[in-house]
1. Set the Förster distance to 45 Å, then compute FRET efficiency between SER274 and ALA205 from the Cβ-Cβ distance, nearest 0.05.
2. For LEU220, which sequence-distant residues (separation of 5 or more, or a different chain) have an amide H within less than 5 Å of its own amide H, given hydrogens modelled in the peptide plane?
3. Nearest 0.05, what FRET efficiency do LEU125 and ALA312 give at R0 = 41 Å with Cβ-Cβ as r?
4. Once phi is turned into θ = phi - 60°, what whole-Hz ³J(HN,Hα) does the Karplus curve with 6.51, -1.76 and 1.60 give for every residue of segment 36-51, x standing for Gly and Pro?
5. I'd like the Karplus ³J(HN,Hα) series for segment 205-215: coefficients 6.51, -1.76, 1.60, θ = phi - 60°, whole numbers in Hz, and an x wherever there's a Gly or Pro.
6. If one computes the Cα centroid of segment 218-235 and of segment 266-329, what distance in Å separates the two points?
7. Under the classification rounded if a/c is under 1.5, otherwise prolate if a/b is larger than b/c and oblate if not, where does segment 7-144 fall, given a ≥ b ≥ c as square roots of the Cα gyration tensor eigenvalues?
8. Between LEU288 and ARG195, what FRET efficiency comes out of the Förster formula 1/(1 + (r/R0)^6) with R0 = 30 Å and r the beta carbon distance, rounded to 0.05?
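Laboratory data are not the source of any read-out in this text; all were calculated from the coordinates shown. No experiment lies behind these values; they were computed from the predicted model shown. Backbone-built Cβ (ideal geometry, glycine too); neighbour counts: all protein chains shown.
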Amino acid sequence: MTNQGAKEYTFEALTDLWTGDADGKPGRTITTGLLGSIRWWFEVLVRGLGGGACDPTSSRNRCPDSRKKATDSGHHCVVCELFGCTGWARKFRFEVLDENGKAKAEQITKGQTFKLRFTPLRPILPQEWALLDLTLRLIAEYGAIGGKTVLKPSDEPSRVNKPHHRDYGLIQFIEGATSSPVTEAELRDYVTEHRWRQPQHDDFAWASLKNFWCVKGRYLARQNANASTFNRVIGRPEAKGQSSQGDSWLAGRRAGGQPKPQDPESKRVLSFKSPREAVRTFGFVQFLDELKNLGQELKTQLEKEWAGFEIAELKKKPDILDELFKAGA
Ligand SMILES: [Zn+2]
């Protein structure tokens with residue numbers, strides 16, 4: 001097999017990337033974990049552009065529509081078109097390489113340079129490359145990658161190095177194939193074409209760039225046994241030992257059911273304390289209305305900890321897409 005038409009992206013890991021499960025072996029889990037996470041953010045982008053994306057982990061929801069033939073309209077969604085589903089193969093080969101271009105077998109650790117290579121196995125449209133490009137930039141600039149990006153940092157010195165309080169999954173974009181220019185309008189047209197299956201989004205409509213927000217350079221953490229800015233923002237008791245588990249909503253185990261607005265679980269927030277250049281807090285609101293006042297709420301709730309916070313620091317879809325399109329131009 002050749003690498004003709006392959007596109008490569010080079011990243012530096014700003015933290016360890018955690019792509020295995022608790023007792024999983026690395027190696028294979030690196031590629032499957034990273035690809036799963038890339039797909040998840042690709043879905044977020046597609047929904048944000050008005051398209052439909054199935055949840056491949058949900059047997060009720062995932063593609064294909066088995067009543068149809070693979071080439072029929074409505075057989076699979078626009079994400080499965082590129083990433084594949086039963087009866088429709090993924091359009092590319094995916095490899096994770098070290099800086100010398102050798103397959104990466106061990107976990108990717110902080111400071112390492114690594115490459116993601118996408119080799120077309122069938123023709124990939126410019127719109128698909130552009131969506132992939134934007135997805136990777138979105139992850140690097142505003143999100144995090146990997147299966148265990150659920151962990152929140154701690155300001156408590158004794159807990160800083162406990163695994164549950166380390167930051168995972170931050171990567172820096174070094175260089176990569178920019179695709180031929182495709183406009184936002186062209187991408188919208190593409191993801192909303194009638195030939196794509198339109199899955200019900202009920203349980204995960206929140207996993208959309210429309211519901212996403214990010215504040216760079218600020219983080220949430222537990223300050224001590226009685227104070228946690230993280231819990232304050234998501235509406236949980238701040239004192240230790242009173243909060244429930246179950247934050248594993250991102251990548252992998254997805255929260256089922258429909259949380260109510262007042263449920264803490266409806267607030268999906270991740271925060272990264274280090275390294276300094278990549279500090280960020282991001283989240284998804286359950287209901288779009290919640291985005292309207294979020295900036296003011298953060299300003300009020302975190303008056304002390306986020307000193308000087310300006311509402312304009314809160315980035316939402318329009319700002320983010322603008323910046324991503326500029327960066328890729
Ligand atoms: Zn699908």
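1. Working: r = 32 Å, r/R0 = 0.72.
After rounding, the FRET efficiency stands at 0.90.
2. For LEU220, the qualifying residues are PHE272.
3. Numbers: r = 36 Å, r/R0 = 0.87.
With R0 = 41 Å, the Cβ-Cβ based efficiency is 0.70.
4. With the stated coefficients, segment 36-51 comes to x, 6, 4, 4, 4, 6, 4, 4, 4, 5, 4, 4, x, 8, x, x Hz.
5. Running phi through 6.51 cos²θ - 1.76 cosθ + 1.60 with θ = phi - 60° gives 4, 5, 7, 9, 4, 4, 9, 8, 9, 8, 10 Hz.
6. Cα centres, segment 218-235 to segment 266-329: 16 Å.
7. Details: a/c = 1.82, a/b = 1.68, b/c = 1.09.
The shape class here is prolate.
8. Numbers: r = 27 Å, r/R0 = 0.92.
That pair, ARG195 with LEU288, gives E of 0.65.
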